[in-house]
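Have a look at the structure below before the remarks.
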Amino acid sequence: MLTVRAMVEADVAAVSAIRVTGWKAAYIGIVPRSHLDGMTVEADTRRRRQHFKESKASTTNLVAVDTHGRVVGWACFGPFRGAGTPAATGELYALYVQPSLIGSGIGRTLLEAVHAHAMARGFDRIRLWVIDENTRARRFYERAGYAADGAVQAGDYDGVSVSEVRYQRTL
């Protein structure tokens, strides 16, 4: 039985481990190897712990927990960060599942929980950014009712520009 609950500070190290292993699994061949090799769970834990403390008022962090009490997935969302966006627009900042468990329904369960929490916060739509070449993630979001809305941006990873596509869904 999988449960989704609010993240607590004690979950930060597990979330960082999922995030770093997720990046290293999903973005090999897309993001420069130097960037992926430079990612460590320890450094991410320090950053995430600080961010968790500073963003509690605006960001909702949820974790998926398995029957043994292990954190196996994480999602966070809050207000959309783009200028000129209606206040009722939320943004899914991140959704990660332990790479060995991808395809088991954890991501779908987390995303459904995000939608429920977002509606409870008054959001009527959710946007997100996904790396253009991350076809697995793009298919996941498309199956969940998201559609690319034409907006694009680029992130810089060790001097390499990586294109991101914006998706959105009405709740």
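Values quoted throughout were computed directly from the atomic coordinates according to the rules given, and no laboratory measurement underlies them. Model, not experiment: these values are computed from the prediction. We place every Cβ from the backbone using ideal geometry, glycine too, and count neighbours over all the protein chains shown.
With a requirement of 2 or more residues that are touching a Ser or Thr at 6+ places or on another chain (Cβ under 8 Å) and over 27 Å from residue 33 (Cβ atoms), the strands (runs of 3 or more DSSP E) lying completely within region 81-171 that satisfy it span 125-131. When residue 81 is tested against (1) farther than 16 Å from residue 18 by Cβ; (2) over 13 Å from the mean Cα position of the chain (by Cα); (3) surrounded by 13 or more Cβ atoms within 10 Å (Cβ to Cβ), exactly one condition is not met: (3). If only residues of region 44-59 that are of a type in the set (S, T, N, Q) and either under 24 Å from residue 119 (Cβ atoms) or free of Cβ contacts under 8 Å to residues at least 24 places away in the same chain (or both) are counted, the one that is surrounded by the most Cβ atoms within 10 Å (Cβ to Cβ) is 59. Considered as a group, the residues in region 95-130 that are in contact with a helix residue (DSSP H, G or I) (Cβ under 7 Å, 6 or more places away or on another chain) and farther than 19 Å from residue 145 by Cβ include one that is surrounded by the fewest Cβ atoms within 10 Å (Cβ to Cβ), and that residue is 99.
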